[in-house]
Amino acid sequence: MLTKSGSAERERRTVKGLERAFEEERVILVEIEKLSDVCKLLGDKMRLTILSLLKERELCVYEIVELMQTSQPNVSQHMRKLKDGGLVKEAKKGQWVFYSLNINDKPYLNELFEHLPSQKEKVDAISCEQLDCCD
C-alpha cells in the first residue's frame, strides 16, 4: 500500500522527468532553428560568394564592393545579415570596417567551405592601397 508521501514522491519524480524532457526538446528545437537560419544565409548566392572571399583573408567593405562589383549599401546589407547570423565578425580600424569569417564554433561548415571554389587569385589581386581606401 502506497502512503501519501510515497505517492507524492512518485509524482514529484514524474514531474521532474517531464520537465527534463521538455527542456531537452526545447534545446533541440533551438538548435534546429539556429541551423535553419544559417542555411538560409548560405542559400543566397551573394552571401555565399562573400563568404568564399572571406575564406581567403580579412577584407574591408570596399574590397568586397570591388570584388563583387556591386554597391556599398548592397554589400553592407549582406554583411549585416552575415554578422547577425554569426558567420562573420567585424573589426574597426579607425573609421574603416574589416570583415572576417567567424565559423570556429560551427564545425559543420568546414566541409562546405572546403568545397567552395578558391577566390585566392581574385582576392590577392586587390588591396586597400590599390583602391585608395582604409588609409
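Exactly one residue among LEU87, LEU54 is closer than 16 Å to CYS128 by Cβ and either surrounded by 10 or more Cβ atoms within 10 Å (Cβ to Cβ) or not assigned by TED's automatic domain parsing to the domain that holds ASP124 (or both), and that residue is LEU54.
For the residues LYS81, LYS45, the requirement of being modelled with pLDDT of 95 or more and over 23 Å from LYS120 (Cα atoms) singles out LYS81.
If you go through segment 94-125 and pick out every residue that is charged (D, E, K, R), loosely packed, with under 11 Cβ neighbours inside 10 Å and not in a loop (DSSP other than H, G, I, E, B), you end up with 4. One residue alone among ARG80, ARG26, ARG47 is within 21 Å of LYS93 (Cα to Cα) and of a type in the set (Lys, Arg), and that residue is ARG80. For segment 50-62, give me each residue that is part of a helix (DSSP H, G or I) and modelled with pLDDT of 95 or more. Correct list: ILE50, LEU51, SER52, LEU53, LEU54. Just to be sure before I move on: is LYS89 among the charged types (D, E, K, R) and either at pLDDT 90 or above or touching a Ser or Thr at 6+ places or on another chain (Cβ under 7 Å) (or both) in the structure I sent? Here the answer is yes, as LYS89 does meet what is asked. Checking each residue in segment 80-93 for being in a strand (DSSP E or B) and either without any contact (Cβ under 8 Å) to a residue 12 or more places away in the chain or farther than 20 Å from LEU42 by Cβ (or both) picks out GLU90, ALA91, LYS92, LYS93.
Is it fair to say LYS40 is loosely packed, with under 15 Cβ neighbours inside 10 Å and over 17 Å from the mean Cα position of the chain (by Cα)? Taking the combined requirement at face value, the residue does not satisfy it.
Of the numbered criteria (1) in contact with a Cys (Cβ under 7 Å, 6 or more places away or on another chain); (2) not assigned by TED's automatic domain parsing to the domain that holds LEU131; (3) not hydroxyl-bearing (Ser, Thr, Tyr), the one GLU24 fails is (1). When CYS39 is tested against (1) at pLDDT 95 or above; (2) closer than 19 Å to LEU112 by Cα; (3) not hydroxyl-bearing (Ser, Thr, Tyr), exactly one condition is not met: (1).
VAL30 - would you say it is outside the structural domain of CYS133 (by TED's automatic domain parsing) and touching a residue at least 60 places away in the same chain (Cβ under 8 Å)? No, not satisfied.
The values are calculated or read from the model by the stated rules, or taken from the named source; none is laboratory data. What you are looking at is a predicted structure, and each value in this text was computed from that prediction instead of being measured. Note that we place each Cβ from the backbone using ideal geometry, even for glycine, and neighbour counts take in every protein chain shown.
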